[in-house]
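The values are calculated or read from the model by the stated rules, or taken from the named source; none is laboratory data. Everything numeric here is computed off the predicted structure, so don't read it as measured data. Cβ placement follows ideal geometry from the backbone for every residue including glycine, while neighbour counts extend to all protein chains displayed.
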């Protein structure tokens, strides 16, 4: 199984490649990046590790090689210009993404390739891959709120003093300001956390707010823009500018999805994908429970939600649609 990482010279891209190397489930890892010297260095560094880890081919390839992959991961993003507003950077990221999709199509992309979108704004880019890129909806998987869900679970586990892998709780909706905490799904080793003594209403609010603002917190702690970064657009802009946002948890989220695809695990994840009726949502990409396997998005699951959670999901969908309308590309 061959997996390619577009943006392999960047921090998220090389971290994702290393996570794939550690996991050992794919036979080939191709790195592609416009920064040729940098990506050559990352590939060589990973190659040196192969003698101690797994028997994999790790190398830099051109777009024609990338197009032959079973799974293509896009982590690439545009660099921020001096004094550039966040919205303008987002629009340039959209343009970059569409150019990547166009290049892939021109090189003769395989019909069964799965596209895994990790670049931001992920919900918009996932949507554009389907609507303008011509991919089948099931073949495009956006990282979506899987990362937010991982953050949420880890923070809840810390609050209730439980092993992180035993805590399950979803974040649905936009990967951004309008994401929705699904407290009705929160369990620890199968037991509901609804009445847990360490999860008062105020604690729940704090845990979710910390989850929602995790990117800004990471940038601040890693020496970035500081506490003034509040909105998701500005957090994204600063993360791209400084290359100091999330990387390890993103890489872990990426390899989790690749594993589900490669091994046809048919596991349920909150990922961004094209909607055609789930929860009454249509013609947008948003994170709802989806079964992921060898074919990509195999189906959506309409799990029962509390009324306020469903209202939040639909409000989040409306916010995504408004952002799609603002894209000028």
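Being in a helix (DSSP H, G or I), surrounded by 20 or more Cβ atoms within 10 Å (Cβ to Cβ) and modelled with pLDDT of 95 or more: is that true of residue 236 here?
On the way: in a helix (DSSP H, G or I): yes; surrounded by 20 or more Cβ atoms within 10 Å (Cβ to Cβ): yes; modelled with pLDDT of 95 or more: no.
Taking the combined requirement at face value, the residue does not satisfy it.
Restricting attention to region 69-81, which residues are modelled with pLDDT of 95 or more and assigned to a loop (DSSP other than H, G, I, E, B)? It would help to see each step written out before you state the result.
As a first pass, look at region 69-81 and keep what is modelled with pLDDT of 95 or more: 69-75.
Passing the criteria: 69, 70, 75.
Restricting to region 182-220, and then to whatever is assigned to a strand (DSSP E or B) and touching a strand residue (DSSP E or B) at 6+ places or on another chain (Cβ under 6 Å), can you tell me which residue is nearest to residue 148 (Cα to Cα)?
Initial filter on region 182-220 (assigned to a strand (DSSP E or B)): 182-188, 191-192.
If we keep only those that are touching a strand residue (DSSP E or B) at 6+ places or on another chain (Cβ under 6 Å) as well, we get 182, 185-188.
On the way: 182: 12, 185: 14, 186: 14, 187: 16, 188: 18 Å.
Among those residues, the one meeting the criterion is 182.
As an exercise: evaluate residue 125 against (1) over 16 Å from residue 14 (Cβ atoms); (2) surrounded by fewer than 24 Cβ atoms within 10 Å (Cβ to Cβ); (3) in contact with a strand residue (DSSP E or B) (Cβ under 6 Å, 6 or more places away or on another chain); (4) without any contact (Cβ under 8 Å) to a residue 60 or more places away in the chain and give the number of the one condition it does not meet.
It fails just one condition, (2).
Which residue out of 155, 170 is touching a helix residue (DSSP H, G or I) at 6+ places or on another chain (Cβ under 9 Å), outside any helix (DSSP H, G or I) and either free of Cβ contacts under 8 Å to residues at least 12 places away in the same chain or over 23 Å from residue 74 (Cβ atoms) (or both)?
Working: 155 fails: outside any helix (DSSP H, G or I).
Result of the check over 155, 170: 170.
Output the number of the condition that residue 185 fails; it satisfies all remaining conditions of (1) crowded, with 20+ Cβ neighbours inside 10 Å; (2) touching a helix residue (DSSP H, G or I) at 6+ places or on another chain (Cβ under 7 Å); (3) in contact (Cβ under 8 Å) with a residue 24 or more places away in the chain.
Against the list (1) crowded, with 20+ Cβ neighbours inside 10 Å; (2) touching a helix residue (DSSP H, G or I) at 6+ places or on another chain (Cβ under 7 Å); (3) in contact (Cβ under 8 Å) with a residue 24 or more places away in the chain, residue 185 comes up short only on (2).
Condition test on residue 108, is it more than 21 Å from residue 274 (Cβ to Cβ), touching a helix residue (DSSP H, G or I) at 6+ places or on another chain (Cβ under 8 Å), modelled with pLDDT under 90 and exposed (fewer than 14 other Cβ atoms within 10 Å of the Cβ)? I'd like the intermediate steps shown before the answer.
Working: more than 21 Å from residue 274 (Cβ to Cβ): yes; touching a helix residue (DSSP H, G or I) at 6+ places or on another chain (Cβ under 8 Å): yes; modelled with pLDDT under 90: yes; exposed (fewer than 14 other Cβ atoms within 10 Å of the Cβ): yes.
Yes, satisfied.
Test residue 22 against the criterion of being part of a helix (DSSP H, G or I), farther than 29 Å from residue 321 by Cβ and in contact with a strand residue (DSSP E or B) (Cβ under 7 Å, 6 or more places away or on another chain), and give yes or no. Spell out the reasoning first.
Details: part of a helix (DSSP H, G or I): yes; farther than 29 Å from residue 321 by Cβ: yes; in contact with a strand residue (DSSP E or B) (Cβ under 7 Å, 6 or more places away or on another chain): no.
Here the answer is no, as residue 22 does not meet what is asked.
Inspect region 136-144 for any residue being touching a residue at least 12 places away in the same chain (Cβ under 8 Å), out of contact with any strand residue (DSSP E or B) (no Cβ under 8 Å at 6 or more places or on another chain) and part of a helix (DSSP H, G or I) and give the result as yes or no.
The answer is no, given that none of the residues of region 136-144 is touching a residue at least 12 places away in the same chain (Cβ under 8 Å), out of contact with any strand residue (DSSP E or B) (no Cβ under 8 Å at 6 or more places or on another chain) and part of a helix (DSSP H, G or I).
Is there a residue being in contact with a helix residue (DSSP H, G or I) (Cβ under 6 Å, 6 or more places away or on another chain), assigned to a strand (DSSP E or B) and surrounded by 16 or more Cβ atoms within 10 Å (Cβ to Cβ) anywhere in region 48-66?
yes
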